[in-house]
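Report on one structure; see the data block that follows.
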Amino acid sequence: MALVVICGQPCSGKSMAAACLAEALQEAESKPSVRIINESSFHLNRNQSYADMPSEKNLRGVLRSEVDRSLSRDNIIIVDSLNSIKGYIYELWCLARAAGTRYCVVHCDVEETYCRKWNEERKERLDSNYYDDKIFEDLVRRFERPDSRNRWDSPLFELWPSRDGIEKSSAAIVDAVTYLTKKVDSKTKDVKVLQPTIATQSARKTEANSLYELDRATLEVMNMIVEAQSRAMGGPLNGISLGPGLPSVDLSRSVGLPELRRLRRTFIKLTGQSSLSGPPPPSDADSAKRMFVDYLNRELRNG
């Protein structure tokens, strides 16, 4: 039904805003199904998640994947996280568009001095949601304010927690609930339901097919290697043929099943990561086998 992105500086009241919005939505006449996705959903520690760029990138990937799996036309998903990078918010907007749902951004607009004060208060009462000073300052410095002129920041509902507090009755919460639950027909102009494009739908379908083929093809190669070694009964193997038109697997030593499984997992992970910024994984089995065999030959030769 909708995707709601909560954004703001660290310790600006985002989780309170998400909770108030979820409660207000559940009290609406339509009684929509609401789910909040945040670090706590995966039992992730904030300081560990934002300790360095790889950890932060991994966190965003985990949240984005969960949003992608959870989005449907039957529920409202609230993403309660920093969501401080424009490129990442754009990715979430693309997920909403691909799912054909409504979308909005709720911004907790708080001055840095208040955020810093509230973080210190959390630390004093041993609240696990506080940020280490170094991490806090880094996150504050890198925060990119939403701009309603951007389509991925629109519509934008703004809260001012340090001035007005956050309640179910806050104007921005009420406006957001109205926007998210209003019935839409051909005459409705103030509510926009994102529509998936042909390119978006094709990309999602192609990616799903590619990952399936990759998983199936690499498993087949692994099983053929295990079977060939079993037939050789420990004897030498000059090369394992996988079929016409495919390269052979060059083994200079015996390779156990645990090592093959580890190499396969690593290959699938690397291929998936590369597809985020480059071409998608191979969409046919033979291409996937060629890539996997090339990877195995390189790793086993250097190993």
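Among the residues making up segment 89-119, those that are more than 21 Å from Ser170 (Cβ to Cβ) and buried (at least 21 other Cβ atoms within 10 Å of the Cβ) are Leu92, Leu95, Ala96, Ala99, Thr101, Asn119.
Exactly one residue out of Val62, Val67 is open to solvent by less than 30 Å² (accessible area, probe 1.4 Å) and under 13 Å from the mean Cα position of the chain (by Cα): that is Val67. For Tyr50, the conditions (1) among the hydroxyl-bearing types (Ser, Thr, Tyr); (2) within 25 Å of Ala22 (Cα to Cα); (3) surrounded by 16 or more Cβ atoms within 10 Å (Cβ to Cβ) all hold with the exception of (2). Among residues of segment 170-183 that are small (Gly, Ala, Ser), those with a beta-carbon under 7 Å from a residue that is open to solvent by 20 Å² or more (accessible area, probe 1.4 Å) at least six positions away or on a different chain give the pairs Ser170/Asp164; Ala172/Phe157; Ala172/Glu158; Ala176/Phe157.
In segment 30-46, how many are in a loop (DSSP other than H, G, I, E, B) and not hydroxyl-bearing (Ser, Thr, Tyr)? Even if it seems obvious, please write down each step before you answer.
Looking only at segment 30-46, we keep the residues that are in a loop (DSSP other than H, G, I, E, B), and these are 30-32, 38, 43-45.
From the residues that got through so far, the ones that are not hydroxyl-bearing (Ser, Thr, Tyr) too are 31-32, 38, 43-45.
The qualifying residues number 6.
Against the test of being among the polar types (S, T, N, Q), modelled with pLDDT under 90 and under 21 Å from Asp127 (Cβ atoms), the options Ser72, Ser65, Ser41 yield a single qualifying residue, Ser41.
Among the residues making up segment 1-50, those that are charged (D, E, K, R) and within 16 Å of Asp74 (Cβ to Cβ) are Lys31, Arg35. Kindly evaluate Ala51 against the criterion of being under 23 Å from the mean Cα position of the chain (by Cα) and not in a loop (DSSP other than H, G, I, E, B). No. Taken together, the residues in segment 71-83 that are within 13 Å of Asn38 (Cα to Cα) and hydroxyl-bearing (Ser, Thr, Tyr) amount to 1.
Across segment 120-132, the qualifying residues are those that are farther than 17 Å from Ser81 by Cβ and open to solvent by 80 Å² or more (accessible area, probe 1.4 Å), and the one among them that is modelled with the lowest pLDDT is Leu126. Close contacts from segment 86-104, counting a first residue that is closer than 19 Å to Ser33 by Cα and at pLDDT 90 or above and a second that is part of a helix (DSSP H, G or I) and among the aromatic types (Phe, Trp, Tyr), with Cβ to Cβ under 8 Å and a gap of 6+ residues or different chains, come to Arg102/Tyr179; Tyr103/Trp93; Cys104/Tyr179. Looking across Arg261, Arg231, one residue alone is open to solvent by 60 Å² or more (accessible area, probe 1.4 Å), modelled with pLDDT of 80 or more and closer than 21 Å to Asp215 by Cα. It is Arg261.
The values are calculated or read from the model by the stated rules, or taken from the named source; none is laboratory data. In this text, all values refer to a predicted model and were calculated from it rather than measured experimentally. Using ideal geometry, Cβ is built from the backbone for each residue, glycine included, and neighbour counts are taken over all protein chains shown. Protein only, heavy atoms only, side chains kept; ligands, DNA and RNA dropped before computing areas. Shrake-Rupley method; radii C 1.70, N 1.55, O 1.52, S 1.80 Å.
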